[in-house]
1. Considering only segment 271-279, I want to know if a residue exists there that is touching a residue at least 40 places away in the same chain (Cβ under 8 Å) and under 20 Å from M310 (Cα atoms).
2. Which members of segment 200-231 meet the condition of being modelled with pLDDT under 90, out of contact with any strand residue (DSSP E or B) (no Cβ under 7 Å at 6 or more places or on another chain) and within 25 Å of S267 (Cβ to Cβ)?
3. For segment 361-441, list the helices (runs of 4 or more DSSP H) that sit wholly inside it and hold at least 3 residues that are open to solvent by less than 10 Å² (accessible area, probe 1.4 Å); which are they?
4. With respect to E323, determine if the residue is of a type in the set (D, E, K, R), open to solvent by less than 60 Å² (accessible area, probe 1.4 Å) and either modelled with pLDDT under 95 or assigned to a strand (DSSP E or B) (or both).
5. Does segment 108-123 hold any residues that are farther than 26 Å from L190 by Cβ and exposed (fewer than 15 other Cβ atoms within 10 Å of the Cβ), and which are they?
6. Taking the options I444, I436, I414, name whichever one is modelled with pLDDT under 95 and more than 23 Å from H228 (Cα to Cα).
Amino acid sequence: MASIGNFFRRSLRRSGRRGGKEEASAAENNPSRLPQGKPGERHSVLYCAGQFFFEYLVVVSLKKMSDGRYEPKITYQFPKRENLLKGQKEEEERLLQAIPLFCFPDGNNWAPVTEFTSETFSFVLTNVDGSRKIGYCRRLLPSGRGVRLPEVFCIISCLGCFGLFSKILDEVEKRRQISMAVIYPFMQGLRESPFPAPGKTVTIKSFIPESGTELIELTRPVDAHLEHVEFQALLQRLSPHLILHIFASAVLERRLIFLAEELSVLSQCIHAVAALLYPFTWAHTYIPVVPECLLDTVCCPTPFMVGIQMRHLERVLDQPMEEALIVDLCDGKILRAVGDEEEILPVKLQNEMLTSLNRHNNNNNVHTSEQVNALVSEAFVQFFVRMVGHYASHIKWSKNGSGTFQERAFCKAIASKTNRKFVKKFVKTNMFSLFIEEAEKSRIPQEAYFQQKITEYHEQKKHRRDS
């Protein structure tokens, strides 16, 4: 365990955009860093159609150690990869070494039980360049008689689609109650199927003894940027006012700690907060569920967004950390704040977002998670459209096709003083820098949905002026 901890604590650095200097970022002490992938791939990797659904399915079981405690170990892996090059083999070993900690992040004080409610959660392993692998987990009690230990089925994928993978895990759990042998053909069929485009469906044929052949339809949401999020989980636990405080802190890349007892609540709520930042991406330490043995490593001076189980509250509060926003998802309140959260966002836009979120809370006609996601996302996307939607007009293009962002002119173009004050802070964040880096590479907008909203906003302004 010590060697794993040391691996996670290695300091890593990423290159900042301005001046080409290497700056320490929240990659340092990031317990979920893995060296793989190519720079600038994150958006395409998460939402690209046609590639494999997943890289691995692993089963993590609890093995009793000589001291009487239980330690998580991988007991099954599909597929087994052979003939790997040295670098690929080392990468796989690091990945497989990290997975058990995140499948049982709540320590090793387990005991065999006769009843256990299945739970679904996810974790993220972040690469040095910001690209991510996602672990989708279902913790369940195997069928049988007498006392037994829970185990975790974990699907590792580069694709972000929580709802779709939850359905896959439903199928895995159903087959586990019959036999482990029934899981393999289902996962093989899934691996041979291409990941569908947004709004499209893939059908998997799967044979189950005594039931015959089943056709399982896996449909991807139409709005790809919302397929890894469930805003309802956030709205059920926090008031719109507190959500805006959290959003303001995240936008300025501060330290955020979320507390809850259930792993599913932590992972759902943290994914939802990160999704509020669209079209920008949280580029720092991001651990939806922090393993107990790594609690000390997240209290670093760099930005982080982490989830910690409520049982560790006292230990968290005792840490010698710098200013951080600590959110209690059980009681829906903020335990610790910097104090200026109310003043970060421009008042007018903050009130408009608050009105929009309150309207959702009072709208009994909204039922589906897709409708909730669309309404909540719209409020925050519109905020960024109005704040920074003119960014493309301030990229100067050279003859060789490379672009250079004109930051000073970009800020001066904002008429409102309060809006300009906020934007001057926001342009210094890593998430804005990374967004602009991508925008400077091509005249084709990197986020089509965001560009669509910018175009609609300008058309509406023009229509109001003309009418």
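The values are calculated or read from the model by the stated rules, or taken from the named source; none is laboratory data. Small disclaimer: the values here were computed from a predicted structure and weren't measured. Ideal geometry is used to build each Cβ from the backbone, glycine not excepted, and the neighbour counts take in all protein chains shown. These area figures cover heavy atoms from the full protein model, side chains too; ligands, DNA and RNA do not enter into them. Shrake-Rupley method; radii C 1.70, N 1.55, O 1.52, S 1.80 Å.
1. Yes: one or more hits.
2. Result: R220, P221, V222, D223, A224, H225, L226, E227, H228, V229, E230.
3. Output list reads 369-388, 417-426, 430-439.
4. It is false that E323 is of a type in the set (D, E, K, R), open to solvent by less than 60 Å² (accessible area, probe 1.4 Å) and either modelled with pLDDT under 95 or assigned to a strand (DSSP E or B) (or both).
5. Residues satisfying the conditions are N109, A111, P112, V113, T114, E115.
6. I444
Residue by residue, here is whether (1) surrounded by 15 or more Cβ atoms within 10 Å (Cβ to Cβ); (2) part of a strand (DSSP E or B) holds:
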| residue | (1), (2) |
| --- | --- |
| E91 | yes, no |
| R94 | yes, no |
| L101 | yes, no |
| I155 | yes, yes |
| L164 | yes, no |
| I178 | no, no |
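Yes or no, residue by residue, for (1) at pLDDT 90 or above; (2) touching a Cys at 6+ places or on another chain (Cβ under 7 Å):
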{"site": "I246", "(1), (2)": "yes, no"}
{"site": "F258", "(1), (2)": "yes, yes"}
{"site": "V265", "(1), (2)": "yes, no"}
{"site": "L276", "(1), (2)": "yes, no"}
{"site": "H284", "(1), (2)": "no, no"}
{"site": "C293", "(1), (2)": "no, no"}
